1. Among DSSP beta bridges whose residues both lie in the chain, state the antiparallel percentage, nearest 5.
2. Would you mind calculating the gained length between residue 296 and residue 143 on full extension (0.36 nm times residue separation, minus the Cα-Cα distance), in nm to one decimal?
3. Whole-Hz Karplus ³J(HN,Hα) for segment 93-101, in order, using 6.51 cos²θ - 1.76 cosθ + 1.60 and θ = phi - 60°, x for Gly and Pro?
4. What is the gain in length, in nm to one decimal, between residue 58 and residue 243 on full extension, counting 0.36 nm per residue of separation less the C-alpha to C-alpha distance?
5. Taking 0.36 nm per residue of separation and subtracting the Cα-Cα distance, what length does fully extending residue 327 through residue 355 add?
6. Charges only on Cβ, +1 for Lys and Arg, -1 for Asp and Glu: so what's the dipole of segment 282-414 about the Cα centre, in debye to the nearest 20?
7. Quick one, can you get me the convex hull of the C-alpha atoms of the chain expressed as volume per residue in Å³?
8. When Lys and Arg each count +1 and Asp and Glu each count -1, what net charge do the other residues less than 10 Å away from residue 59, Cβ to Cβ, add up to?
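The values are calculated or read from the model by the stated rules, or taken from the named source; none is laboratory data. Worth saying up front: this structure is predicted, and the values here are computed from it rather than measured. Every residue, glycine as well, gets a Cβ built from its backbone with ideal geometry; the counts of neighbours run over all protein chains shown. Ligands, DNA and RNA are stripped out before the accessible areas are found, and what is left, the full protein with its side chains, is counted by its heavy atoms. Shrake-Rupley method; radii C 1.70, N 1.55, O 1.52, S 1.80 Å.
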Amino acid sequence: MKQLFSKGATLVMLGTGGVGKTTIAAALALAAAESGLDTGVITVDPARRLRDALGLERLSARPTRLDARRLRRAGLAPDLRLSAMVLDVKGAWDGLIERFVKSPETRRRVLENSFYRALTEQFAGAEAYAALEQLYDLHASGRFDLEVVDTPPAAHAFEFLEAPAHLVRLLDSQGVRWLVAPSAAAGRGLLGLAGRAAQFVASQLERFAGAGALAAIGEFFAALAGAAGSIGDQFRKVEGMLHAPTTNFVLVTTPEADRLIEARALVERMAREGFRLRAIVINRFLDERTYRALAEAPRREPPHLRKIATLRAALGPDGADDSRVADLAAYLEDYRADQRAIIERVSAFARTLPARVELVLAPELEAGVRDLGALGRIAAMLADGIAGRRFLADAKIAAAGGDTSGRKRLAARRA
Ligand SMILES: Nc1ncnc2c1ncn2[C@@H]1O[C@H](COP(=O)(O)OP(=O)(O)OP(=O)(O)O)[C@@H](O)[C@H]1O
Ligand SMILES: [Mg+2]
């Protein structure tokens, strides 16, 4: 992924919940720092151990540089320039209001407004927007050569890309203007909603704020009226950043069939809507042992898997007489079949990808990714790993004798 590490660029992680976005964001940032760039990474709610590894014990939204001692202890170059920070959703939103709402009294009214709080805490895209806002500021500060931003957990990765546009629409909508300028609808009052468009907007707004919150909504937009133009411009700038030539997306997925289907749909949609998807990381692709064996000797079945393949033959024509041995053999055969199926599934997925999108593989580390050392191992595989497509083309694990899995065979034997 080295070609993604260029000065002035930003890397934005995408992916559904739990696939390893936070881990891969940190590993990519480390790899970028190792390539010589002064790198800043914004992480979102990192697991405790990762947080500690990155020196984020204080959970600061300010960039904290990893110190030389910590790097040296992990066997990394002590002069690496890597700074980490965490996403501060409330801070990002309140900062926006503080920047654009000039009057302290109005500012206070907005910050205390219940609709504002619901919007920034519950709106599906509020965290996503905050991450982008924090990234925007960091990028604009010019402090780092490269920024990497992790993204909040979401059911659908596209929600993240849509967040700024949703906010622009919310602020632009005719209905909101109608709410803000009630005098235009003489006799109806602020909340005497008429017209289907206005009612639709009101119902959308109430989804975030809860029923009966229209008064708060009215007050919010009234307070914001003076600043709505500049806040809308800011939403648009952040939206623009998503399409900037220096903004590169990295999609993270795991190799399960349903995840790959989701990833495929996202690739298509991103292409249609003009987002620069540069790389896909298949995280937890094989276990590290299988991955390393195939990386060292492509085209040769890893020895530990070959042994499993010959186990059946070694157990004799009737299989094992001892059912415990048979169970163990079935378990191992399943494991081998699973590693093989992952390669096949990801190969099929790779064939559907446009050639411009790099494919990168990161194996599952048995001990998890909890310290800088493990992060460094993932970083090295991301940066210098064998190109994913070549790995897949070469990797061969022969089909088991017969095409049923060990467990099925065992069941058949028992029947
Ligand atoms: N390649 C890997 N090998 C071993 N463990 C991993 C690997 N990648 C991620 N993990 C572990 O999986 C868990 C989830 O990873 P992570 O927090 O990075 O996912 P996420 O996509 O950020 O999740 P969320 O959507 O909840 O933010 C963590 O405990 C992490 O240490
Ligand atoms: Mg995460």
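1. Values: 2 of 31 bridges.
Of the beta bridges lying entirely in the chain, close to 5 percent run antiparallel.
2. On the way: separation 153, 0.36 × 153 = 55.08 nm, distance 3.94 nm.
Full extension of this stretch gives 51.1 nm more.
3. 5, 5, x, 4, 5, 5, 6, 9, 9
4. Working: separation 185, 0.36 × 185 = 66.60 nm, distance 3.31 nm.
Result for the pair: 63.3 nm of gain on full extension.
5. Values: separation 28, 0.36 × 28 = 10.08 nm, distance 4.33 nm.
Stretched fully, the residue 327-residue 355 segment lengthens by 5.7 nm.
6. Numbers: 24 positive and 19 negative charges, 74 e Å.
Roughly 360 debye for segment 282-414.
7. Details: hull volume 74.2 nm³, N = 415.
So the per-residue hull volume is 179 Å³.
8. On the way: positive: 51, 58; negative: 45, 57, 88.
Local net charge: -1.
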